[in-house]
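J.: This is the structure, below, for whatever I ask next.
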Amino acid sequence: MSEALLEVEKLSAGYGDARVLDDVSFRLDQGGSLALLGRNGMGKTTLLTSLIGLTRRHGGRIRLAGRDLTAVPTHRRALAGLGWVPQERDIFPSLTVEENLTAIATGGAWTLDRVYDLFPRLMERRSNMGNQLSGGEQQMLAIARALMLDPKVLLLDEPMEGLAPLIVQELFRIIQRMIERDGLAVILVEQHAHQILPLTRDAMILERGRVVYSGDSRRLIDEPALLDRWLGVGAVELDDGTSA
Amino acid sequence: MKAIDIIRNEHRALAAVLRALEATIADLRDGRRPPDFRLLAAMIDYIVRVPEEVHHPKEDGVFFPHIRAACPDAVPIIDELEHQHHRGREHVLQLAMSLIHFQAVGAAAQESFCAAAERYVAFSWTHIEMEERQLLPLLSDRLAPAAWAEIDAAFAANADPWRGTADEFERLFSRITALVPAPLGLGDRRSGLASRIT
Ligand SMILES: Nc1ncnc2c1ncn2[C@@H]1O[C@H](COP(=O)(O)OP(=O)(O)OP(=O)(O)O)[C@@H](O)[C@H]1O
Ligand SMILES: [Fe+2]
Ligand SMILES: [Fe+2]
Ligand SMILES: [Mg+2]
(Lines give C-alpha, C1' and ligand atoms only; values in the text may rest on other atoms or scores of the structure.)
(Ligands and ions follow the chains in the order given, each with its own letter.)
Protein backbone atom coordinates (compact mmCIF):
# COMPACT_ATOMS: atom_id res chain seq x y z
CA MET A 1 0.00 0.00 0.00
CA SER A 2 1.33 3.45 -0.86
CA GLU A 3 2.10 5.79 1.95
CA ALA A 4 -0.91 7.72 3.18
CA LEU A 5 -0.89 11.52 3.04
CA LEU A 6 -2.56 11.70 6.42
CA GLU A 7 -2.59 8.78 8.78
CA VAL A 8 -4.35 8.80 12.12
CA GLU A 9 -3.76 5.86 14.37
CA LYS A 10 -5.75 5.04 17.50
CA LEU A 11 -6.26 8.68 18.36
CA SER A 12 -7.91 9.34 21.71
CA ALA A 13 -8.41 12.95 22.74
CA GLY A 14 -10.70 15.30 24.61
CA TYR A 15 -10.93 18.23 26.97
CA GLY A 16 -9.13 17.96 30.31
CA ASP A 17 -9.72 14.49 31.63
CA ALA A 18 -12.83 13.96 29.55
CA ARG A 19 -12.25 11.71 26.58
CA VAL A 20 -14.32 12.67 23.56
CA LEU A 21 -12.54 10.70 20.84
CA ASP A 22 -11.85 7.08 21.43
CA ASP A 23 -9.44 5.04 19.33
CA VAL A 24 -10.06 6.82 16.03
CA SER A 25 -8.04 5.52 13.08
CA PHE A 26 -8.23 6.44 9.40
CA ARG A 27 -6.07 7.39 6.46
CA LEU A 28 -6.39 9.87 3.64
CA ASP A 29 -4.44 9.51 0.41
CA GLN A 30 -3.08 12.20 -1.89
CA GLY A 31 -6.07 13.74 -3.65
CA GLY A 32 -8.41 11.88 -1.31
CA SER A 33 -11.60 13.25 0.15
CA LEU A 34 -13.37 12.24 3.32
CA ALA A 35 -16.87 13.15 4.47
CA LEU A 36 -16.92 13.25 8.25
CA LEU A 37 -20.46 12.65 9.46
CA GLY A 38 -22.27 12.20 12.74
CA ARG A 39 -25.08 13.68 14.77
CA ASN A 40 -24.57 16.78 16.90
CA GLY A 41 -22.01 16.47 19.66
CA MET A 42 -20.53 13.19 18.38
CA GLY A 43 -16.99 14.56 18.11
CA LYS A 44 -16.56 15.78 14.52
CA THR A 45 -15.19 19.18 15.46
CA THR A 46 -13.09 17.60 18.19
CA LEU A 47 -11.49 15.31 15.61
CA LEU A 48 -10.52 18.26 13.40
CA THR A 49 -9.26 20.34 16.33
CA SER A 50 -7.32 17.32 17.57
CA LEU A 51 -5.62 17.05 14.18
CA ILE A 52 -4.40 20.60 14.54
CA GLY A 53 -3.51 20.11 18.18
CA LEU A 54 -6.11 22.15 20.04
CA THR A 55 -7.35 19.38 22.33
CA ARG A 56 -5.73 17.19 24.92
CA ARG A 57 -4.36 14.02 23.41
CA HIS A 58 -4.72 10.89 25.49
CA GLY A 59 -3.11 8.53 23.02
CA GLY A 60 -2.47 7.70 19.39
CA ARG A 61 -0.50 9.23 16.52
CA ILE A 62 -0.98 11.62 13.61
CA ARG A 63 1.30 11.49 10.58
CA LEU A 64 1.21 13.91 7.66
CA ALA A 65 3.23 13.17 4.53
CA GLY A 66 5.40 10.79 6.48
CA ARG A 67 6.07 13.26 9.26
CA ASP A 68 4.94 12.57 12.82
CA LEU A 69 2.88 15.58 13.89
CA THR A 70 2.00 14.28 17.31
CA ALA A 71 4.56 16.44 19.09
CA VAL A 72 4.39 19.42 16.70
CA PRO A 73 2.79 22.48 18.33
CA THR A 74 -0.46 23.87 16.87
CA HIS A 75 0.96 26.97 15.23
CA ARG A 76 3.44 24.86 13.30
CA ARG A 77 0.87 22.31 12.09
CA ALA A 78 -0.65 24.85 9.70
CA LEU A 79 2.78 25.35 8.15
CA ALA A 80 3.25 21.60 8.07
CA GLY A 81 0.22 21.43 5.78
CA LEU A 82 -3.00 21.18 7.77
CA GLY A 83 -5.33 23.94 6.58
CA TRP A 84 -8.15 24.46 9.02
CA VAL A 85 -11.40 26.29 8.30
CA PRO A 86 -13.09 26.53 11.70
CA GLN A 87 -16.81 26.24 12.34
CA GLU A 88 -16.83 29.92 13.39
CA ARG A 89 -15.51 32.07 10.59
CA ASP A 90 -12.82 34.29 12.02
CA ILE A 91 -11.61 36.74 9.44
CA PHE A 92 -9.94 40.06 10.25
CA PRO A 93 -12.72 42.67 10.14
CA SER A 94 -10.40 45.66 9.73
CA LEU A 95 -8.45 44.30 6.75
CA THR A 96 -9.69 44.27 3.19
CA VAL A 97 -10.44 40.98 1.50
CA GLU A 98 -7.18 41.17 -0.39
CA GLU A 99 -5.18 42.07 2.72
CA ASN A 100 -6.75 39.13 4.54
CA LEU A 101 -5.39 36.92 1.77
CA THR A 102 -1.99 38.44 1.12
CA ALA A 103 -1.12 38.87 4.82
CA ILE A 104 -0.60 35.13 5.03
CA ALA A 105 0.52 34.23 1.50
CA THR A 106 3.26 31.63 1.58
CA GLY A 107 4.38 31.85 -2.03
CA GLY A 108 3.11 28.32 -2.57
CA ALA A 109 0.96 26.79 -5.27
CA TRP A 110 -2.14 28.77 -4.27
CA THR A 111 -1.52 32.26 -5.57
CA LEU A 112 -3.94 35.16 -5.29
CA ASP A 113 -4.93 34.65 -8.93
CA ARG A 114 -5.70 31.01 -8.42
CA VAL A 115 -7.77 31.73 -5.33
CA TYR A 116 -9.69 34.48 -7.17
CA ASP A 117 -10.31 32.05 -10.00
CA LEU A 118 -11.98 29.69 -7.53
CA PHE A 119 -13.84 32.55 -5.77
CA PRO A 120 -14.63 35.22 -8.38
CA ARG A 121 -16.86 36.90 -5.81
CA LEU A 122 -13.86 37.62 -3.60
CA MET A 123 -12.10 39.33 -6.47
CA GLU A 124 -15.16 41.56 -6.95
CA ARG A 125 -15.02 42.34 -3.24
CA ARG A 126 -11.26 42.60 -2.93
CA SER A 127 -11.20 46.15 -1.57
CA ASN A 128 -14.09 45.66 0.84
CA MET A 129 -13.35 45.37 4.54
CA GLY A 130 -13.81 42.01 6.21
CA ASN A 131 -16.69 43.36 8.29
CA GLN A 132 -18.58 44.55 5.19
CA LEU A 133 -18.91 41.01 3.90
CA SER A 134 -22.06 38.92 4.10
CA GLY A 135 -21.97 35.55 5.88
CA GLY A 136 -21.52 33.67 2.62
CA GLU A 137 -18.65 35.91 1.55
CA GLN A 138 -17.00 35.53 4.94
CA GLN A 139 -17.13 31.77 4.55
CA MET A 140 -15.57 32.06 1.11
CA LEU A 141 -12.84 34.25 2.55
CA ALA A 142 -12.21 31.79 5.40
CA ILE A 143 -11.71 28.96 2.89
CA ALA A 144 -9.61 31.16 0.59
CA ARG A 145 -7.36 32.11 3.51
CA ALA A 146 -6.75 28.50 4.38
CA LEU A 147 -5.78 27.86 0.75
CA MET A 148 -3.26 30.71 0.76
CA LEU A 149 -1.29 28.75 3.36
CA ASP A 150 -0.89 26.05 0.72
CA PRO A 151 -2.33 23.13 2.71
CA LYS A 152 -1.68 19.49 1.96
CA VAL A 153 -5.03 18.68 3.56
CA LEU A 154 -7.91 21.11 3.94
CA LEU A 155 -10.13 20.62 7.00
CA LEU A 156 -13.59 22.15 6.56
CA ASP A 157 -15.96 22.21 9.52
CA GLU A 158 -19.57 22.64 8.39
CA PRO A 159 -18.83 25.36 5.83
CA MET A 160 -22.50 25.62 4.79
CA GLU A 161 -23.89 26.11 8.29
CA GLY A 162 -26.43 28.90 8.55
CA LEU A 163 -26.17 29.86 4.86
CA ALA A 164 -29.10 30.20 2.45
CA PRO A 165 -29.70 27.52 -0.25
CA LEU A 166 -28.28 29.60 -3.08
CA ILE A 167 -24.98 30.09 -1.26
CA VAL A 168 -24.90 26.47 -0.09
CA GLN A 169 -25.16 25.31 -3.71
CA GLU A 170 -22.49 27.77 -4.81
CA LEU A 171 -20.11 26.53 -2.12
CA PHE A 172 -20.78 22.91 -3.01
CA ARG A 173 -19.70 23.62 -6.56
CA ILE A 174 -16.55 25.35 -5.37
CA ILE A 175 -15.68 22.45 -3.07
CA GLN A 176 -16.35 20.03 -5.91
CA ARG A 177 -13.86 21.97 -8.04
CA MET A 178 -11.24 21.87 -5.28
CA ILE A 179 -11.61 18.10 -5.01
CA GLU A 180 -12.03 17.13 -8.66
CA ARG A 181 -10.09 19.77 -10.57
CA ASP A 182 -7.41 20.81 -8.09
CA GLY A 183 -6.96 17.37 -6.53
CA LEU A 184 -6.84 18.91 -3.07
CA ALA A 185 -7.13 16.44 -0.18
CA VAL A 186 -10.12 17.44 1.90
CA ILE A 187 -11.83 16.39 5.11
CA LEU A 188 -15.30 17.83 5.21
CA VAL A 189 -17.67 17.88 8.17
CA GLU A 190 -21.15 18.33 6.81
CA GLN A 191 -24.78 18.01 7.86
CA HIS A 192 -25.96 17.74 4.25
CA ALA A 193 -24.83 14.13 3.92
CA HIS A 194 -26.77 13.46 0.74
CA GLN A 195 -25.11 16.29 -1.07
CA ILE A 196 -21.58 15.75 0.04
CA LEU A 197 -21.36 11.97 -0.33
CA PRO A 198 -21.41 12.02 -4.15
CA LEU A 199 -18.40 14.35 -4.04
CA THR A 200 -16.19 12.54 -1.56
CA ARG A 201 -14.45 9.23 -2.09
CA ASP A 202 -14.56 8.06 1.52
CA ALA A 203 -16.84 8.61 4.46
CA MET A 204 -16.56 8.16 8.18
CA ILE A 205 -19.34 8.33 10.75
CA LEU A 206 -18.64 9.14 14.39
CA GLU A 207 -20.95 8.05 17.18
CA ARG A 208 -19.98 9.25 20.65
CA GLY A 209 -16.39 9.71 19.60
CA ARG A 210 -16.00 6.27 18.04
CA VAL A 211 -15.85 5.32 14.38
CA VAL A 212 -18.97 3.36 13.47
CA TYR A 213 -18.56 3.53 9.69
CA SER A 214 -15.45 3.94 7.65
CA GLY A 215 -15.44 3.14 3.95
CA ASP A 216 -16.81 4.14 0.57
CA SER A 217 -19.03 7.19 0.33
CA ARG A 218 -20.90 5.39 -2.41
CA ARG A 219 -22.07 2.64 -0.11
CA LEU A 220 -23.81 5.15 2.15
CA ILE A 221 -25.66 6.61 -0.84
CA ASP A 222 -26.70 3.20 -2.08
CA GLU A 223 -27.76 1.92 1.33
CA PRO A 224 -29.89 4.69 2.86
CA ALA A 225 -30.67 2.40 5.81
CA LEU A 226 -27.09 2.83 7.02
CA LEU A 227 -27.31 6.61 6.92
CA ASP A 228 -30.68 6.51 8.59
CA ARG A 229 -29.35 4.33 11.37
CA TRP A 230 -26.44 6.60 12.26
CA LEU A 231 -27.68 10.00 11.22
CA GLY A 232 -31.45 9.69 11.04
CA VAL A 233 -31.45 11.15 7.54
CA GLY A 234 -32.77 8.39 5.34
CA ALA A 235 -34.92 10.74 3.30
CA VAL A 236 -33.21 12.97 0.81
CA GLU A 237 -33.60 16.60 1.66
CA LEU A 238 -34.32 18.57 -1.46
CA ASP A 239 -34.46 22.02 -0.05
CA ASP A 240 -31.17 22.34 1.75
CA GLY A 241 -29.65 25.17 3.65
CA THR A 242 -31.18 27.19 6.40
CA SER A 243 -33.30 29.91 4.93
CA ALA A 244 -32.24 33.06 6.64
CA MET B 1 -20.82 11.38 -10.22
CA LYS B 2 -23.48 8.82 -10.98
CA ALA B 3 -26.53 9.65 -13.08
CA ILE B 4 -28.83 9.80 -10.09
CA ASP B 5 -26.46 12.17 -8.25
CA ILE B 6 -26.41 14.46 -11.28
CA ILE B 7 -30.20 14.50 -11.46
CA ARG B 8 -30.48 15.24 -7.73
CA ASN B 9 -27.77 17.89 -7.93
CA GLU B 10 -29.59 19.70 -10.70
CA HIS B 11 -32.82 19.53 -8.69
CA ARG B 12 -31.09 21.15 -5.71
CA ALA B 13 -29.56 23.94 -7.76
CA LEU B 14 -32.95 24.58 -9.35
CA ALA B 15 -34.64 24.47 -5.94
CA ALA B 16 -32.22 27.08 -4.61
CA VAL B 17 -33.01 29.45 -7.48
CA LEU B 18 -36.76 28.84 -7.07
CA ARG B 19 -36.50 29.76 -3.37
CA ALA B 20 -34.58 32.91 -4.22
CA LEU B 21 -37.18 33.87 -6.83
CA GLU B 22 -39.99 33.38 -4.30
CA ALA B 23 -38.21 35.69 -1.86
CA THR B 24 -37.58 38.27 -4.60
CA ILE B 25 -41.25 38.26 -5.59
CA ALA B 26 -42.28 38.68 -1.95
CA ASP B 27 -39.94 41.70 -1.67
CA LEU B 28 -41.41 43.24 -4.83
CA ARG B 29 -44.98 42.80 -3.63
CA ASP B 30 -44.20 44.31 -0.23
CA GLY B 31 -42.41 47.20 -1.88
CA ARG B 32 -39.27 46.42 0.11
CA ARG B 33 -37.08 46.71 -2.95
CA PRO B 34 -37.30 48.14 -6.44
CA PRO B 35 -37.16 45.55 -9.21
CA ASP B 36 -33.65 44.56 -10.23
CA PHE B 37 -34.26 43.52 -13.83
CA ARG B 38 -30.80 42.08 -14.31
CA LEU B 39 -31.46 39.72 -11.43
CA LEU B 40 -35.00 38.84 -12.52
CA ALA B 41 -33.82 38.13 -16.05
CA ALA B 42 -30.96 35.96 -14.80
CA MET B 43 -33.27 33.95 -12.53
CA ILE B 44 -35.93 33.47 -15.21
CA ASP B 45 -33.21 32.51 -17.68
CA TYR B 46 -31.98 29.87 -15.25
CA ILE B 47 -35.26 28.29 -14.22
CA VAL B 48 -36.43 28.20 -17.81
CA ARG B 49 -33.30 27.13 -19.67
CA VAL B 50 -31.71 24.67 -17.26
CA PRO B 51 -34.76 22.38 -17.30
CA GLU B 52 -35.34 22.78 -21.02
CA GLU B 53 -31.75 22.54 -22.26
CA VAL B 54 -29.89 20.49 -19.68
CA HIS B 55 -32.14 18.66 -17.30
CA HIS B 56 -35.21 17.39 -19.16
CA PRO B 57 -33.18 16.08 -22.12
CA LYS B 58 -31.34 13.76 -19.71
CA GLU B 59 -34.59 12.62 -18.13
CA ASP B 60 -36.51 12.23 -21.40
CA GLY B 61 -33.63 10.80 -23.40
CA VAL B 62 -31.97 8.41 -20.97
CA PHE B 63 -33.63 8.09 -17.61
CA PHE B 64 -37.29 7.60 -18.47
CA PRO B 65 -36.87 5.11 -21.36
CA HIS B 66 -34.86 2.80 -19.11
CA ILE B 67 -37.40 3.07 -16.33
CA ARG B 68 -40.29 2.39 -18.70
CA ALA B 69 -38.61 -0.78 -19.81
CA ALA B 70 -37.63 -1.99 -16.35
CA CYS B 71 -40.45 -0.85 -14.05
CA PRO B 72 -43.94 -1.28 -15.52
CA ASP B 73 -45.58 0.12 -12.40
CA ALA B 74 -43.67 3.39 -12.76
CA VAL B 75 -45.15 3.98 -16.22
CA PRO B 76 -48.11 6.14 -15.03
CA ILE B 77 -45.71 8.39 -13.13
CA ILE B 78 -43.42 8.69 -16.14
CA ASP B 79 -46.37 9.50 -18.39
CA GLU B 80 -47.39 12.32 -16.09
CA LEU B 81 -43.83 13.66 -15.77
CA GLU B 82 -43.34 13.66 -19.54
CA HIS B 83 -46.64 15.44 -19.96
CA GLN B 84 -45.43 18.09 -17.50
CA HIS B 85 -42.17 18.48 -19.43
CA HIS B 86 -44.22 19.34 -22.51
CA ARG B 87 -46.49 21.75 -20.64
CA GLY B 88 -43.46 23.49 -19.21
CA ARG B 89 -42.80 25.04 -22.61
CA GLU B 90 -46.04 27.07 -22.59
CA HIS B 91 -45.30 28.39 -19.10
CA VAL B 92 -41.84 29.41 -20.17
CA LEU B 93 -43.09 31.55 -23.01
CA GLN B 94 -45.65 33.27 -20.78
CA LEU B 95 -43.05 33.96 -18.15
CA ALA B 96 -40.53 35.49 -20.54
CA MET B 97 -43.24 37.69 -22.09
CA SER B 98 -44.48 38.93 -18.75
CA LEU B 99 -40.96 39.92 -17.68
CA ILE B 100 -40.42 41.91 -20.88
CA HIS B 101 -43.80 43.51 -20.38
CA PHE B 102 -42.95 44.40 -16.76
CA GLN B 103 -39.69 46.01 -17.79
CA ALA B 104 -41.34 47.98 -20.58
CA VAL B 105 -44.51 49.09 -18.79
CA GLY B 106 -43.23 49.40 -15.22
CA ALA B 107 -45.21 49.19 -11.99
CA ALA B 108 -48.55 48.62 -13.69
CA ALA B 109 -47.33 45.29 -15.03
CA GLN B 110 -45.62 44.16 -11.85
CA GLU B 111 -48.49 42.12 -10.51
CA SER B 112 -49.05 40.16 -13.69
CA PHE B 113 -45.35 39.31 -13.77
CA CYS B 114 -45.38 38.23 -10.10
CA ALA B 115 -48.42 36.05 -10.71
CA ALA B 116 -46.88 34.40 -13.79
CA ALA B 117 -43.64 33.77 -11.90
CA GLU B 118 -45.53 32.26 -8.99
CA ARG B 119 -47.47 29.94 -11.28
CA TYR B 120 -44.26 28.70 -12.83
CA VAL B 121 -42.56 28.28 -9.45
CA ALA B 122 -45.50 26.25 -8.12
CA PHE B 123 -45.52 24.14 -11.28
CA SER B 124 -41.79 23.48 -10.93
CA TRP B 125 -42.05 22.47 -7.26
CA THR B 126 -44.82 20.00 -8.01
CA HIS B 127 -42.74 18.49 -10.77
CA ILE B 128 -39.47 18.20 -8.86
CA GLU B 129 -41.20 16.83 -5.78
CA MET B 130 -42.99 14.21 -7.81
CA GLU B 131 -39.66 13.03 -9.19
CA GLU B 132 -37.85 13.18 -5.86
CA ARG B 133 -40.57 11.69 -3.67
CA GLN B 134 -42.33 9.28 -6.00
CA LEU B 135 -39.96 8.26 -8.75
CA LEU B 136 -36.42 8.21 -7.37
CA PRO B 137 -37.14 6.23 -4.15
CA LEU B 138 -39.00 3.64 -6.22
CA LEU B 139 -36.01 3.30 -8.52
CA SER B 140 -33.42 2.73 -5.84
CA ASP B 141 -35.37 -0.37 -4.85
CA ARG B 142 -36.43 -1.60 -8.24
CA LEU B 143 -33.96 -0.86 -10.99
CA ALA B 144 -31.41 -3.62 -11.47
CA PRO B 145 -27.70 -2.78 -11.20
CA ALA B 146 -27.31 -3.52 -14.91
CA ALA B 147 -29.92 -0.90 -15.79
CA TRP B 148 -28.19 1.64 -13.57
CA ALA B 149 -24.90 0.84 -15.24
CA GLU B 150 -26.44 1.55 -18.64
CA ILE B 151 -27.91 4.83 -17.45
CA ASP B 152 -24.58 5.89 -15.92
CA ALA B 153 -22.77 4.98 -19.13
CA ALA B 154 -25.24 6.98 -21.22
CA PHE B 155 -24.77 10.00 -18.96
CA ALA B 156 -20.99 9.66 -19.11
CA ALA B 157 -21.00 9.26 -22.91
CA ASN B 158 -23.12 12.38 -23.28
CA ALA B 159 -21.21 14.39 -20.74
CA ASP B 160 -19.34 16.51 -23.26
CA PRO B 161 -22.07 18.22 -25.24
CA TRP B 162 -23.91 18.85 -21.96
CA ARG B 163 -20.87 20.04 -20.09
CA GLY B 164 -20.48 23.02 -22.38
CA THR B 165 -23.94 24.28 -21.50
CA ALA B 166 -23.57 23.17 -17.89
CA ASP B 167 -20.56 25.47 -17.56
CA GLU B 168 -22.57 28.32 -18.96
CA PHE B 169 -25.30 27.61 -16.43
CA GLU B 170 -22.85 27.37 -13.57
CA ARG B 171 -21.71 30.87 -14.42
CA LEU B 172 -25.32 31.99 -14.56
CA PHE B 173 -25.91 30.41 -11.16
CA SER B 174 -22.91 32.26 -9.70
CA ARG B 175 -24.20 35.50 -11.18
CA ILE B 176 -27.60 35.00 -9.56
CA THR B 177 -25.93 34.24 -6.22
CA ALA B 178 -23.89 37.44 -6.56
CA LEU B 179 -26.98 39.54 -7.37
CA VAL B 180 -29.48 38.25 -4.80
CA PRO B 181 -29.27 40.52 -1.74
CA ALA B 182 -27.72 39.04 1.41
CA PRO B 183 -28.46 37.05 3.45
CA LEU B 184 -30.18 34.93 0.78
CA GLY B 185 -27.40 35.65 -1.69
CA LEU B 186 -24.14 37.57 -1.72
CA GLY B 187 -25.46 40.88 -3.07
CA ASP B 188 -25.65 44.21 -1.31
CA ARG B 189 -28.45 44.13 1.23
CA ARG B 190 -29.10 47.88 1.58
CA SER B 191 -29.93 49.16 -1.87
CA GLY B 192 -31.41 45.91 -3.04
CA LEU B 193 -29.58 46.56 -6.25
CA ALA B 194 -26.53 44.60 -7.14
CA SER B 195 -23.42 45.76 -5.38
CA ARG B 196 -21.01 47.60 -7.58
CA ILE B 197 -18.09 45.68 -8.85
CA THR B 198 -15.11 47.49 -7.41
N1 LIG C 1 -14.21 23.08 24.62
C2 LIG C 1 -14.84 22.01 25.12
N3 LIG C 1 -14.73 21.66 26.41
C4 LIG C 1 -15.37 20.58 26.91
N5 LIG C 1 -16.15 19.76 26.18
C6 LIG C 1 -16.32 20.04 24.89
C7 LIG C 1 -15.67 21.18 24.28
N8 LIG C 1 -16.02 21.22 22.98
C9 LIG C 1 -16.82 20.15 22.78
N10 LIG C 1 -17.00 19.44 23.92
C11 LIG C 1 -17.80 18.21 24.07
O12 LIG C 1 -17.26 17.22 23.22
C13 LIG C 1 -18.28 16.45 22.59
C14 LIG C 1 -18.11 16.51 21.09
O15 LIG C 1 -18.31 17.84 20.64
P16 LIG C 1 -17.96 18.30 19.17
O17 LIG C 1 -18.07 19.77 19.15
O18 LIG C 1 -16.68 17.69 18.74
O19 LIG C 1 -19.16 17.63 18.37
P20 LIG C 1 -19.61 17.83 16.86
O21 LIG C 1 -19.79 16.45 16.30
O22 LIG C 1 -18.71 18.73 16.16
O23 LIG C 1 -21.06 18.49 17.02
P24 LIG C 1 -21.82 19.59 16.11
O25 LIG C 1 -22.46 18.81 15.00
O26 LIG C 1 -22.86 20.11 17.04
O27 LIG C 1 -20.85 20.61 15.67
C28 LIG C 1 -19.59 17.04 23.06
O29 LIG C 1 -20.09 16.23 24.11
C30 LIG C 1 -19.22 18.40 23.58
O31 LIG C 1 -20.07 18.78 24.63
FE1 LIG D 1 -38.42 16.33 -14.94
FE1 LIG E 1 -36.08 16.44 -12.86
MG1 LIG F 1 -18.94 20.64 15.27
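The values are calculated or read from the model by the stated rules, or taken from the named source; none is laboratory data. These numbers were taken from a predicted model, which means no experiment stands behind them. Note that we place each Cβ from the backbone using ideal geometry, even for glycine, and neighbour counts take in every protein chain shown. Protein only, heavy atoms only, side chains kept; ligands, DNA and RNA dropped before computing areas. Shrake-Rupley method; radii C 1.70, N 1.55, O 1.52, S 1.80 Å.
J.: Can you confirm whether the stretch A:49-61 contains a residue that is within 14 Å of another protein chain (Cβ to nearest Cβ), farther than 26 Å from B:GLU170 by Cβ, away from ligand 4 (no atom under 16 Å from the Cβ) and not charged (D, E, K, R)?
T.: No, the stretch A:49-61 has no match at all.
J.: Checking A:ARG126 against (1) under 17 Å from B:PRO183 (Cα atoms); (2) touching a helix residue (DSSP H, G or I) at 6+ places or on another chain (Cβ under 6 Å); (3) open to solvent by 10 Å² or more (accessible area, probe 1.4 Å), which single condition isn't satisfied?
T.: (1)
J.: Then there is this: What pairs come up if the first residue lies in the stretch A:26-46 and is within 14 Å of another protein chain (Cβ to nearest Cβ), the second is within 16 Å of ligand 3 (Cβ to nearest atom) and open to solvent by 50 Å² or more (accessible area, probe 1.4 Å), and their beta carbons are under 9 Å apart, counting only those six or more places apart or on different chains?
T.: none
J.: Does A:GLY162 meet the test of being under 23 Å from A:GLY41 (Cβ atoms) and under 18 Å from the mean Cα position of the chain (by Cα)?
T.: Against the criterion (under 23 Å from A:GLY41 (Cβ atoms) and under 18 Å from the mean Cα position of the chain (by Cα)), A:GLY162 qualifies.
J.: Right, here's the next one. Return the total of residues in the stretch B:29-61 being farther than 22 Å from B:HIS101 by Cβ and buried (at least 20 other Cβ atoms within 10 Å of the Cβ).
T.: Looking only at that region, the number is 5.
J.: Which one is modelled with the highest pLDDT among residues in the stretch A:211-230 that are farther than 20 Å from A:LEU156 by Cα and within 14 Å of ligand 1 (Cβ to nearest atom)?
T.: Only one residue tops the list, namely A:VAL212.
J.: Out of the residues in the stretch A:76-96 that are modelled with pLDDT of 90 or more and under 21 Å from the mean Cα position of the chain (by Cα), state the one that is surrounded by the most Cβ atoms within 10 Å (Cβ to Cβ).
T.: Just the residues of the stretch A:76-96 that are modelled with pLDDT of 90 or more, to begin with: A:76-77, A:80-85, A:95-96.
Still in the list and also under 21 Å from the mean Cα position of the chain (by Cα): A:76-77, A:80-85.
On the way: A:ARG76: 11, A:ARG77: 19, A:ALA80: 14, A:GLY81: 20, A:LEU82: 26, A:GLY83: 24, A:TRP84: 22, A:VAL85: 23.
Checking each candidate, the answer is A:LEU82.
J.: Out of A:GLU237, A:GLU207, report the one residue that is more than 16 Å from ligand 2 (Cβ to nearest atom) and at pLDDT 90 or above.
T.: Answer to the selection: A:GLU207.
J.: Can you tell me which residue in the stretch A:198-231 is nearest to the other protein chains (Cβ to nearest Cβ), limited to those that are assigned to a strand (DSSP E or B) and open to solvent by 30 Å² or more (accessible area, probe 1.4 Å)?
T.: Checked the stretch A:198-231; the qualifying residue nearest to the other protein chains (Cβ to nearest Cβ) is A:ASP216.
J.: Follow-up. Here are A:GLU3, A:GLU7: which of them is open to solvent by 20 Å² or more (accessible area, probe 1.4 Å) and either of a type in the set (Val, Ile, Thr) or within 17 Å of the chain's Cα centre (by Cα) (or both)?
T.: A:GLU7
J.: For A:ARG125, which of the numbered conditions (1) farther than 23 Å from A:SER50 by Cα; (2) within 16 Å of ligand 4 (Cβ to nearest atom) fails to hold?
T.: For A:ARG125, the failing item is (2).
J.: Enumerate the pairs (first residue in the stretch B:122-136 and more than 12 Å from chain A (Cβ to nearest Cβ); second residue anywhere and charged (D, E, K, R) and open to solvent by 30 Å² or more (accessible area, probe 1.4 Å)) with beta-carbon separation below 9 Å, excluding pairs fewer than 6 apart on the same chain, so at least 6 apart or on different chains.
T.: What qualifies is B:PHE123/B:ARG87.
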